[in-house]
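As C-alpha cells, the structure follows; a few thoughts come after it.
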Amino acid sequence: MFHRTVRVAVITGVAVAALAEVPSAEAASSPVRVSQVYFDPPGNDTKAKASKLNLEKVVIRNTGRKAVSLAGWTLRDTSRTHRFVFPKGFKLAAGATVTVHTGSGKNTAGHLYWRSKDWIWNNDGDRAYLRNAKGTVVHQCAWTKKSASPKFC
C-alpha cells in the first residue's frame, strides 16, 4: 500500500491580492514605466502643506519609439484608496516623461496633478502601480522604510 503526503498551502486574502498584481506578458511589452518615486520630500510630514505636496511625485517614462496614449490609465498605491486617472486625450511622447504631483497645479504635457490635499505615498514602505486602460498592471515600483527617496525603479 502506498501512502502519499499532500501539502496544502493556505492562501490568505493578502496573498491573493499580491498574486493579482503580477504584471502580465501584455504589461511586459509596454514601454511605459514608473521611473522614479519621490515618496519622502524634505521636512516634516505631519501636516500636509500645499506647497510641499507637489514635491511628492512620481515620474513616468515612455522608453519606446512611439507616443503612447495614457488616457484612462491609473496610478495608485497599495492602499487602493488613492487612485490617479490619467486625463482623456493624454499622450506621452516617445522618450518623454510626465511627473504626477500629489498636490494641485495646471496640467501640462510634462506635469500632471493628483489634486490631493494629503500625502499619497507612505515613507515607511509602499508600492506604485501603473495600470493601462484595461486595468492590467504594466509596471510597479516598491520601496521599504530603508529605501532612499527618490526611489529609482
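Rule-based calculations on the coordinates, nothing more; no lab input. Note that the structure is a prediction, hence the values are computed from the model and not measured. Note that each Cβ is placed from the backbone with ideal geometry, even for glycine, and that neighbours are counted across all protein chains shown.
Here are some notes:
- Fully extended contour minus Cα-Cα distance, from LYS66 to ASN122, at 0.36 nm per residue: 16.9 nm
- In terms of Cα atoms, the Rg and Dmax of region 25-152 work out to 13.9, 42 Å.
- Antiparallel beta bridges, as assigned by DSSP with both residues in region 25-152, represent about 90 percent of the total such bridges.
- For ALA148 and THR136, the difference between the fully extended length at 0.36 nm per residue and the C-alpha to C-alpha distance is 1.5 nm.
- Dipole orientation for region 25-152: of the candidates THR108, THR63, GLY125, THR108 has the Cα lying most toward the positive pole (charges on Cβ; Lys, Arg +1; Asp, Glu -1).
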